[in-house]
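Visitor: I'd like to ask you about the structure that follows.
The values are calculated or read from the model by the stated rules, or taken from the named source; none is laboratory data. No experiment lies behind these values; they were computed from the predicted model shown. Cβ sites come from the backbone with ideal geometry, for glycine too, and all protein chains shown count toward neighbours.
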Amino acid sequence: MGILDRFKDQAQNQADQLVDSVGDKVDEKTGGKFAGQVDQAQDKAKEALGIAAAGQEPGTQQPVEQQTSEQPSEQPEQEQPPA
């Protein structure tokens, strides 16, 4: 492994630790109320930085059913009137 590869790995490890640290601080300050959204933001940040999210290859996406948040959507679904 060349020196540039080692620098790249070291920078990615530091960035990964920073993203995790910031997410932990946000969870601590909010009492975990927004843990699902924080986790999603961490995954997006890691994806943008080219870092593999937990158990994921860089550049791959989770299936849609795993991307749902724990909080209900901001806009409630409107019921359709019977025809």
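Visitor: Scan Lys25, Lys46 and give me the residue that is at pLDDT 95 or above and either exposed (fewer than 10 other Cβ atoms within 10 Å of the Cβ) or basic (Lys, Arg) (or both).
Guide: Going through Lys25, Lys46 in turn, just one is at pLDDT 95 or above and either exposed (fewer than 10 other Cβ atoms within 10 Å of the Cβ) or basic (Lys, Arg) (or both): Lys25.
Visitor: Here's a follow-up. How many of the residues in the stretch 49-61 are modelled with pLDDT under 85 and surrounded by 11 or more Cβ atoms within 10 Å (Cβ to Cβ)?
Guide: Number satisfying all stated conditions: 6.
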